[in-house]
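Okay, so here's the structure we're looking at.
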Amino acid sequence: MISVFKFFGKLPLELLRMIGFIFSWIFWLSSKRYRLRFQKNWIIAKNHSAGAMEKASLIKAISRAGNCVFDLPKIWCSNDLNNNVEINGYDKIEPLLRQGKGLICLSPHLSSFELVPKIFSSQLPISILYKPSKNNHLEKLLKNLRPTKNVTMVQPNFSGVKKLLSAIKKGEVVGLLPDQVPPLDHGVSQSFFGHPAYTMTLASKLILLTGAPVIWTYVQYKKNGWRVTIEPWSLNELSNKNISEMTSEINQKVEELILKDPESYMWSYDRYRQPKKTLSQKTNENSNKLV
């Protein structure tokens, strides 16, 4: 599987995107579940966006969905992507790191978001929150191809959070996908395009606990590559905010970034699902009932 992935990484990006286009429509036509979720999430956002998505094309969004998958071999297996990537705002990172408080990088599921750690790790160490995949083949790929000498993957558990805090205290960069559905008891219900969505609180807790500066980094597709934009997030009066308020602000910012380029968002992601109790949580509940 890894050798096949590396083979695809040697193909031209234009060819990979053509394959992604074909894959997008095959999956759209063959999977009713995928199709209904994609349409539902698109319609929810469009109805809530007050006309901001009026000119956005659902057809184009469907066609681009496979890019996120077939861009991965190029992103993970290429040593040099300089000719394919336009970066805006990278010069704003160094002044923030000079504060000595670390840096929190938030990126939504927009375009080929896996490019973000690759960009940072070329110059800086970055620790990224990583949710293990239930697919064994994908998990193997993640563990073998995603990390580099400057990328540390941490899982969303107590040990992982300690590693993120340690990285921030050392003045390093940590990266999170704030629109990723967290495990049960690790989030709160907040509005996302006008509908309640179970939203991670870890990003809010890290911001409020450490006072580290925050940047938003988002990716957009270009004809022969990607455009990466880095925007510092001005957060005033942090001491007056609680976790719920901060989490709400994060969701609002994610919405804002999606509306900049709605055709490149991962609309197939099950953003509105409610996480289920894990086996260990059920076991603990049963144990407590016996006490």
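Between a residue in segment 32-59 that is assigned to a helix (DSSP H, G or I) and any residue that is open to solvent by 100 Å² or more (accessible area, probe 1.4 Å) and of a type outside the set (A, V, I, L, M, F, W, C), which pairs come within a Cβ distance under 9 Å, given they are 6 or more apart or on different chains?
That search, which allows pairs on different chains as well, returns LYS46/GLU54.
Can you name every residue in segment 1-22 that is open to solvent by less than 80 Å² (accessible area, probe 1.4 Å), in a helix (DSSP H, G or I) and either touching a strand residue (DSSP E or B) at 6+ places or on another chain (Cβ under 8 Å) or among the hydrophobic types (A, V, I, L, M, F, W, C) (or both)?
Those that are open to solvent by less than 80 Å² (accessible area, probe 1.4 Å), in a helix (DSSP H, G or I) and either touching a strand residue (DSSP E or B) at 6+ places or on another chain (Cβ under 8 Å) or among the hydrophobic types (A, V, I, L, M, F, W, C) (or both): ILE2, VAL4, PHE5, PHE8, LEU13, LEU15, LEU16, ILE19.
Looking only at segment 211-241, how many residues end up being among the polar types (S, T, N, Q) and open to solvent by 40 Å² or more (accessible area, probe 1.4 Å)?
5
Does ILE44 count as at pLDDT 95 or above, touching a strand residue (DSSP E or B) at 6+ places or on another chain (Cβ under 7 Å) and farther than 30 Å from VAL151 by Cα?
Taking the combined requirement at face value, the residue satisfies it.
In this structure, is PHE120 aromatic (Phe, Trp, Tyr) and either open to solvent by less than 20 Å² (accessible area, probe 1.4 Å) or under 18 Å from ALA167 (Cα atoms) (or both)?
Yes; evaluated as a whole, the condition is true for this residue.
Given segment 166-254, what strands (runs of 3 or more DSSP E) lie entirely inside it while holding 3 or more residues that are among the aromatic types (Phe, Trp, Tyr)?
Once the strands (runs of 3 or more DSSP E) in segment 166-254 are filtered for at least 3 residues that are among the aromatic types (Phe, Trp, Tyr), what remains is 214-222.
Of these, LEU36, LEU96, LEU13, LEU72, which one is closer than 17 Å to ARG271 by Cβ and not basic (Lys, Arg)?
Going through LEU36, LEU96, LEU13, LEU72 in turn, just one is closer than 17 Å to ARG271 by Cβ and not basic (Lys, Arg): LEU36.
Only one of LEU138, LEU145, LEU184, LEU209 is modelled with pLDDT under 95, among the aliphatic types (A, V, I, L, M) and over 19 Å from the mean Cα position of the chain (by Cα); which?
LEU209
Going by the structure shown, is ILE62 at pLDDT 95 or above, surrounded by 19 or more Cβ atoms within 10 Å (Cβ to Cβ) and either part of a helix (DSSP H, G or I) or of a type in the set (Lys, Arg) (or both)?
yes
Restricting attention to segment 123-149, which residues are outside any helix (DSSP H, G or I), of a type in the set (Lys, Arg) and open to solvent by 50 Å² or more (accessible area, probe 1.4 Å)?
Selection gives LYS131, LYS134, LYS149.
The values are calculated or read from the model by the stated rules, or taken from the named source; none is laboratory data. This structure is a prediction, so every number in the text was calculated from the model and none was measured. In this analysis, Cβ positions are derived from the backbone assuming ideal geometry, glycine residues included, and neighbour counts consider all displayed protein chains. The area values use the complete protein model at the heavy-atom level, side chains included, leaving out ligands, DNA and RNA. Shrake-Rupley method; radii C 1.70, N 1.55, O 1.52, S 1.80 Å.
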